[in-house]
Structure formats: structure tokens, C-alpha cells
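The values are calculated or read from the model by the stated rules, or taken from the named source; none is laboratory data. Keep in mind the model is a prediction, meaning the values are calculated, not measured. Don't worry about glycine lacking a Cβ; one is built from the backbone with ideal geometry, like all the others, and counts go over all protein chains shown.
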Amino acid sequence: MASQEVLREEPSRGSFINDPKVRGIFFQAVVVILLVAGVWWIVHNVIENLQRLHIASGFSFLKNRAGFDIPVRPIAYTSDSTYGDAIIVGLINTIIVALAGIVTATIIGFVVGIGRLSRNWLIRKICTVYVEVFRNIPPLLVIFFWYSGVLAVLPAPRDSFNLPFGSFLNQRGFYFPRAIWGEGSWLIFVALLVGIAMAWFVARTARQRQMATGQQFPVLWTSLALIVGLPLLAYALAGFPLSFDFPKQSTFNLTGGFQIGPEFLSLYLALSFYTAAFIAEIVRAGILGVSKGQTEAAGALGLRPGSILRLVVVPQAMRIVIPPLTSQYLNLTKNSSLAIAIGYPDLTAIAGTVLNQTGQAVEGVLIMMVVYLIISLVTSAVMNVVNARMALVER
Amino acid sequence: MQEHDTSWVRTEMALAQQPPAGVRGPLAWVRKNLVGSVGDVILTVLAIALVVMIVPPIINWAFINAQWVGPDRTVCATAGQGGIQPDGWSGACWAFVNAKFGQLMLGRYPIEERWRPILVAILFVALLVPLLIPRVPRKGLNAILLFLVLPIIAFVLLVGGMFGLPHVETQLWGGLLVTLSLSFVGIAVSLPMGIVLALGRRSKMPIVKTLCVIFIEFVRGIPLITVLFFASVMLPLFLPAGVSFDKYLRALIGVSLFAAAYMAEVIRGGLQAIPKGQYEGADSLGLGYWQKMTLIVLPQALKLVIPGIVNTFIGMFKDTSLVIIISMFDLLGVVKQNFADANWATPQTARSGLIFAAFVFWLFCFGMSRYSMYTERRLDTGHKR
């Protein structure tokens, strides 16, 4: 021991200029000084500019009367509402279109992604063409295409296309019957909730029983019967309280029913179709990422092709799929800000209007950025939870 | 012994027999790929129905019924709409694209000065093509010419105001010129910036690392439109009174910052994939930080993430279309602007213009992705696991 200590001499460090630690501290000090100086200069300029333009900074303008109308409003809003209300309407519109887009894009994406791996040559080629077309054109162009190229040249309300279930399609959008919930219809919702809860319970018990005894139970059909049957039963018991307000054609317009404007339709369709192409590629990569040995081993255990897919391939593929899928969901949400180009009143469009009316550029842009950041963080958090549940439990 | 030996050794291999008739030829191919099972047959029938439903009308619309030349909207409108086509006619109005072609390419760039962007485009192609073909020598010189000399020449030629060339406001630029110049400069700026940010994020200096993480995560969390808003309404406030800069430049800053954040994440992936031994090997050779990075780590890391880098480029190329929102007119912007032209207002105009723009965008993006696949194969040195 002692001899080793004698050997361990302090190495010569040379000049302290060559010490990486000293250099690091010096370099960081320079960065901090530059950053502080830059921020100070910017803040100074901003204050000076705002004074020159006579704009009061701060968020008090949110309580002022907005004075503009919003055509699509999921909550009560008039032009007498405040700027703050307007921004909330925009936020809700963003969330609606993003959620609808995410659901549709996921469905199309999974279908096309699996189709690209089909043994059927024709299906494979069709799916490839779909992916290669939509991946390589800007989403804004797809939005314009639906808006100006397809929906704007539909017939006027007088000559609307009649679609099944009493719905109509024309230049002003898509009209469908609106459900009117009569008295006692709360029973239906309660029945639906009870059905879902019971289905969940049945699934759990069935799995426990299968683990214990190996006996299987037809979970799928029982759950379907519970989830669909119970509300139907409640509907009958409550005396058929549901009626529909059908859109009716008059000379120049359609009255009644529920209308979805062309702005929403084109944004929703474009975002779904565009993002689906990326999701398809992710799904394909995920399925290809499950090694062939897994399928073969499952086959050797005697599982049927359907069970192999459901029990062996898909759970492993999901593990590969979920992280990039999350970023596609985030992309879709961020791309929904393209709504401003066709006049769908989403968060960006309304914040832009507010910004133009009030001149509160800094606050307006800050609101937009912070809200999108929060949406991104929440989506990532939710998907991280899903991912954690799906992830391989390592030894 | 010898004469009694009846053993026989084949001196040449027997010729391989053809596979049985059932597994070769077009019929077997059809059996395997189209009608393998009952489900397959149903799928094939559905797919054929889909193709028959979609493809002939498209061909009809885009080629057979299309109008290629014409002076104004009459060639693309039916009699009921005040045109010359029979009622019920539906076809592409390529005449519109044809008539507006100059605008779609160069925007409102003055007609007598249009030789300047065209010359830049020729120079660009002349320098780009040899750089893309691996066999052509002098890559270093070529790259310097393309990425250092050409931008200067292009700036002088496009902006003018010196050497006797009249000044052309960037307000007048438009069409493909804006799309391509924005994305070229954006690519040239965002790649080095992304490398610096990625190195910063993996740096051991806590302040530098934190700043890089904040920048990257912040920019990746917000849509490009808000960045463009930021660049167009907030940047002017950041500067001293009286100093203002061009809208084009502002868009350029916005797009480059945005792409740099995504680029940084792609490159970080590459840096992480390089085994630790490479870093340590470089250290043990006595290389400094920058020598280690530029000579050992980055060449390997960048090669690994070529697909990601090209994907970011493609994304950025597509994203340049968003500048329409801060009222600049790229290819898509010019197309959209021309919908308002009463001379050409027909139901077919919007569709035709948009499909033309989509085709141009598609051509560039598809080309880029295919070239990246080719490069990936070429540079593959067999280290793939």
C-alpha cells in the first residue's frame, strides 16, 4: 500500500489555460455574459418601442370587449365577450380538431400501414402510393385542396347531395340530424357507463379464471352485449326519449340539423390524411421490427395466426410504435394551427386576430407559444404513461 | 484392384431443373400475390374496384379532358358558366398553369430582370448535379463553390443594387424562387446550427447544456406558425427604433431556427449511437474537443443519421409553404393568390393550380428521399447491426 502511495505523484498540470475545467468555466461565463447582455438589450428595445407605439404591456387587455364574432363556437360566445373568452373558444376549437384528427389518422394509418405489409400485391401497391403521395406534399396544400379544390366547388344548398340518414353535403358544409335528448335520457348514459364497467369487470374475471383454470370465456361478445344492449334496454324502458331534428331543404338554405362547416371539414380531412401517411410508416416499421423468430416460436407453441398477431406480434410492435406515434400526434396538433390559412377559428387564428386588434404582439405570441407548449407537454405525458404500461418489463 | 473398381464419380454437376410449373410464371405469381386465399380474393376484388373507380376518372380529368392552352377562363368553363366547353364537362385547366407559369416560378420579379433568377437556377443546377453524382471528382471544391461562392453570387444577382444591376425588392419575389431560396438557405443554416446545438446538449458544461435543452424543447413544442408570427411581429420590437429588416429575412430566421431545433435532435441521436470507445479512443490519441468531434465522432454520427437529416430537410421544404401566413408568396402562395384572378375563375382552376403545385412539391421531396436512400446504401460500410 505504502509503495503505491509513493508512486502516485501529483501529475503536472501545465498552464491553467490548458485545464479543461478552467476553460469550461471561462467559456460558460462568456456565454452567460453574452446572454444577459443580449436579453437586456432586447428588453430595453422592447420597452422603448412599446412606449413609442403607446402600447401598454401586460395581460389586462384580455378583459376588454373583443368586438369580433367567431363563426364556430363550442361554448357561448358573442362579440360582447372578452378577448380572454375568444382565446378560450380558439383553444377548444384547436382541441376538437386535433382530437378528431388524431382518431381518424390513427385508424387510416394503421389500416394503410398493415396494408403495406399485405401479401396481396395490389393492396400493397395502393398503400405504398398513398403513403408516397401524402408524405411528400405540404399539409397546407392538402388543406387548400380540400377547401378550394373539393368543398368549394360542391353544389349550392339548393342542389345538395343527399346522403344516407337524412344528411346533406353542399358548399356550406356537412349537415346531419341533430339528436334531441328527451326526458329520461340520462338513463341511457347511466346504462352505457354501467355496461362499460361491467364489461371491464367481466374481462378481468375471465382473465383471472383463464390464468387459474385455463378455461376461456367469450369476453368480446359478452362485452359487446353489455355495452350495446344495456343502453338499448334503458332506451326502451325510458319510453324512447330520443328524437332527431332533421335538416330540411328550403329554397336557398338548409334549416335545422347540425352543420359542420367546410373549414372544419377540410382541416380535419387534410390533417387526418396527411398524418395517416406518417403513422402508416411507423406502424409498418413497428411490425417489421418484431423479429421473425417471435412469430415462428408462437407458431411452434401451437397458436393460431390470429392469436399470434394479437398476443405476440402486436404487443411487441406497439412498443416500437408508441414513441414515434406520440410525436406524430404532437405534429398533428401543431399542424392544426394551419387553420388560420382557411379561416377556421383555432387558437392561432384567434390569437392572431386579437394581436392585430390590440397591438399586443408580445403577449399574443407568448399566449400562443405557452398554450401549445402546454398541449405538447400534456400529450407527451399521457403518451409516456401509455408507453410505460406497454414497455417491456425488463428483468 | 484397379480394374475391379466399379465406383463412379460424377465429374460435372447435374443441371438444375426448373421449378415445377405451379410455382413459376405469371399465373403462379397471380396465385401467390393476388388470390392466395378467400380473404385475398375479396381484397383483390375490392382493390380492383377501387382502382377502377379512381384511376380512369383521374386520367380522364388530368389528360383527356384537360385544356392545355388558352387565353382566359372560357376554355376551362362550361357553356353554363360562360365558357366554350359543353355542359357537364370536367377537366384540368392546365391552361391556367400555363398562363401563370412565369408567376408561379418567380412571382412578381420584374420581367426584364428575370434572366437573373434563371441564371442563378442554372448555376445552382450546374453545381448541384456534379456534387450529387459520387463519381465526379473534386467534391471539396464543388461544395465550396455551392455553399460559399454561389450564395454570394446569388445574393448579388437576385437582390441587385450593385454592379449596375437594378435593385429588386424581396417583396417582388415569389413562387418557386421563394420556396427554393428559403429552403436552400434554411438547410445551409440549420445543419451547422443543429450540429452546434446537439453538441451543446451533450456538453459537460451545465449552463451551455441547459440553454440548448431549453431552446430545442421550446421550439419543438410550438408550431412553425407561431415561430413565424414571432419572427414577423416580435422581432421588429426587439430591435432599436428605426432599424427594421426585410420580411423575407425574418421568415428565413424563423424557418432556420425551427429547422435547427429538429436537426439538433436528429444529430443527437447519431452522437448517442457512436460507441463510447470512439470518444475514448480519440481522447487517448490526444485530440482536443473540436478535433475529436470533427475528425472522429461527427463523420460517423452524421453518416448514421442521413435519413433523419434528409427527412428534416424535406419537412422544412414543405414548411416553407407556411410563409403564406405572414403574407409572403411562395409557390403555393402564388397559386392561391391567382384563384382571385377573375380572368381565370372557374370551378376547375383551384384544383388544377393546387395539383400542379402539389406535383412540384412532390417531385422535390420524393427526389430528396430517394437520393437519401441511395446515399445511405452507398455509405453503408457494413457496421449496421
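Let me confirm something: among B:Ile306, B:Ile314, which residue is away from every other protein chain (no Cβ under 14 Å) and under 19 Å from the mean Cα position of the chain (by Cα)?
On inspection, the qualifying residue turns out to be B:Ile306.
Just to be sure, is A:Leu140 within 13 Å of chain B (Cβ to nearest Cβ) and not in a loop (DSSP other than H, G, I, E, B)?
When the stated conditions are applied, A:Leu140 passes them.
Count, please, the residues in the stretch B:143-159 that happen to be under 11 Å from B:Ala188 (Cβ atoms) and among the aromatic types (Phe, Trp, Tyr).
Residues in the stretch B:143-159 being under 11 Å from B:Ala188 (Cβ atoms) and among the aromatic types (Phe, Trp, Tyr): 1 in total.
Tell me, yes or no, whether the stretch A:318-341 has at least one residue that is surrounded by 13 or more Cβ atoms within 10 Å (Cβ to Cβ), more than 20 Å from the chain's Cα centre (by Cα) and within 14 Å of chain B (Cβ to nearest Cβ).
The answer is no, given that none of the residues of the stretch A:318-341 is surrounded by 13 or more Cβ atoms within 10 Å (Cβ to Cβ), more than 20 Å from the chain's Cα centre (by Cα) and within 14 Å of chain B (Cβ to nearest Cβ).
Pick from A:Thr348, A:Thr295, A:Thr353: which is over 25 Å from the mean Cα position of the chain (by Cα), assigned by TED's automatic domain parsing to the domain that holds A:Met383, assigned to a helix (DSSP H, G or I) and β-branched (Val, Ile, Thr)?
A:Thr295 is the lone residue from the list that is over 25 Å from the mean Cα position of the chain (by Cα), assigned by TED's automatic domain parsing to the domain that holds A:Met383, assigned to a helix (DSSP H, G or I) and β-branched (Val, Ile, Thr).
Those residues that are polar (S, T, N, Q) and at pLDDT below 85, I need them from the stretch B:243-262; list them, please.
B:Ser244
How do the pairs read when you match residues in the stretch B:21-43 that are within 9 Å of chain A (Cβ to nearest Cβ) with residues anywhere that are among the aromatic types (Phe, Trp, Tyr), using Cβ under 7 Å and keeping only pairs 6 or more apart or on different chains?
Every condition considered, the pairs that remain are B:Asn33/A:Trp121; B:Leu34/A:Trp121.
So which of A:Gly90, A:Gly101, A:Gly84 is in contact with a Ser or Thr (Cβ under 6 Å, 6 or more places away or on another chain), closer than 30 Å to A:Met383 by Cβ and not hydrophobic (A, V, I, L, M, F, W, C)?
Just a single option satisfies the conditions, and that option is A:Gly101.
Yes or no, residue by residue, for (1) modelled with pLDDT of 85 or more; (2) closer than 20 Å to A:Gly115 by Cα:
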residue: A:Thr275; (1), (2): yes, yes
residue: A:Gly302; (1), (2): yes, no
residue: A:Gly306; (1), (2): no, yes
residue: A:Leu309; (1), (2): no, yes
residue: A:Pro323; (1), (2): no, no
residue: A:Asn335; (1), (2): yes, no
residue: A:Gly343; (1), (2): no, no
residue: A:Thr348; (1), (2): yes, no
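For the stretch B:328-374, give me the residue count where each residue is closer than 14 Å to B:Cys93 by Cα, buried (at least 20 other Cβ atoms within 10 Å of the Cβ) and small (Gly, Ala, Ser).
Qualifying residue count, the stretch B:328-374: 4.
Can you spot a residue in the stretch A:50-64 that is within 29 Å of the chain's Cα centre (by Cα) and within 14 Å of another protein chain (Cβ to nearest Cβ)?
no
Condition first: part of a loop (DSSP other than H, G, I, E, B), touching a residue at least 24 places away in the same chain (Cβ under 8 Å) and either closer than 24 Å to A:Leu141 by Cβ or hydrophobic (A, V, I, L, M, F, W, C) (or both). Can you find one or more residues in the stretch B:264-273 that meet it?
The answer is no, given that none of the residues of the stretch B:264-273 is part of a loop (DSSP other than H, G, I, E, B), touching a residue at least 24 places away in the same chain (Cβ under 8 Å) and either closer than 24 Å to A:Leu141 by Cβ or hydrophobic (A, V, I, L, M, F, W, C) (or both).
Tell me, please, whether a residue that is out of contact with any Leu (no Cβ under 9 Å at 6 or more places or on another chain), of a type in the set (A, V, I, L, M, F, W, C), modelled with pLDDT under 90 and at negative phi can be found in the stretch A:325-332.
yes
From the set of residues in the stretch B:201-242 that are part of a loop (DSSP other than H, G, I, E, B) and facing chain A (nearest Cβ under 9 Å), which is modelled with the lowest pLDDT?
Going through the qualifying residues, I end up with B:Ala241.
Out of all the residues in the stretch B:243-261, which are in a loop (DSSP other than H, G, I, E, B) and aliphatic (A, V, I, L, M)?
B:Val243
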